[in-house]
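Participant: What follows is a single structure, and I will ask about it in a moment.
The values are calculated or read from the model by the stated rules, or taken from the named source; none is laboratory data. Since this is a predicted model, take the numbers as computed values, not measurements. Positions of Cβ are generated from backbone atoms using ideal geometry, with glycine treated the same way; all protein chains shown enter the neighbour counts.
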Amino acid sequence: MTTADDSRPATISELRMVRDQLNGRIDNLRDELNNRIDDLRDEMNRRIDDLQRMMLWGMGLLAALMIALMGVVLSGV
C-alpha cells in the first residue's frame with residue numbers, strides 16, 4: 001500500500017493509524033445504527049401500545065352499547 005499521493009510505500013505506523021481511524025469510524029457508525037434501531041423499536045412499541053389501547057376502548061364501547069341495547073330490548077320499549 002502506498003501513501004495518498006503514491007509517492008512512497010506507506011509505513012507500518014501509517015497503516016496502523018489508518019486502521020485505527022477506520023475502526024473509530026466503524027464504531028461510531030455502529031453506535032449510530034444501534035441508537036437508530038433503539039429509537040425505531042421504541043416508536044414501534046408506542047404504536048403497538050396505542051393500537052392496543054384503541055382496541056380496548058373500542059371493545060369497551062361496543063360492549064357498553066350492546067348492554068344498553070339489551071336493556072332497551074328487555075324493557076320492552
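Participant: Would you mind finding the one in ASP27, ASP6 that is acidic (Asp, Glu) and at pLDDT below 95?
Facilitator: Values: ASP27 fails: at pLDDT below 95.
On inspection, the qualifying residue turns out to be ASP6.
Participant: Looking at the range 9-49 only, could you name the residues that are in a helix (DSSP H, G or I) and among the β-branched types (Val, Ile, Thr)?
Facilitator: Here is the first cut: in the range 9-49, the ones in a helix (DSSP H, G or I) are 12-49.
Answer for the range 9-49, where residues must be in a helix (DSSP H, G or I) and among the β-branched types (Val, Ile, Thr): ILE12, VAL18, ILE26, ILE37, ILE48.
Participant: Need pairs with beta-carbon distance below 9 Å; first residue in contact (Cβ under 8 Å) with a residue 60 or more places away in the chain and within the range 20-47, second surrounded by fewer than 10 Cβ atoms within 10 Å (Cβ to Cβ) and among the β-branched types (Val, Ile, Thr); sequence gap 6+ or separate chains.
Facilitator: Hits for this filter: zero, empty list.
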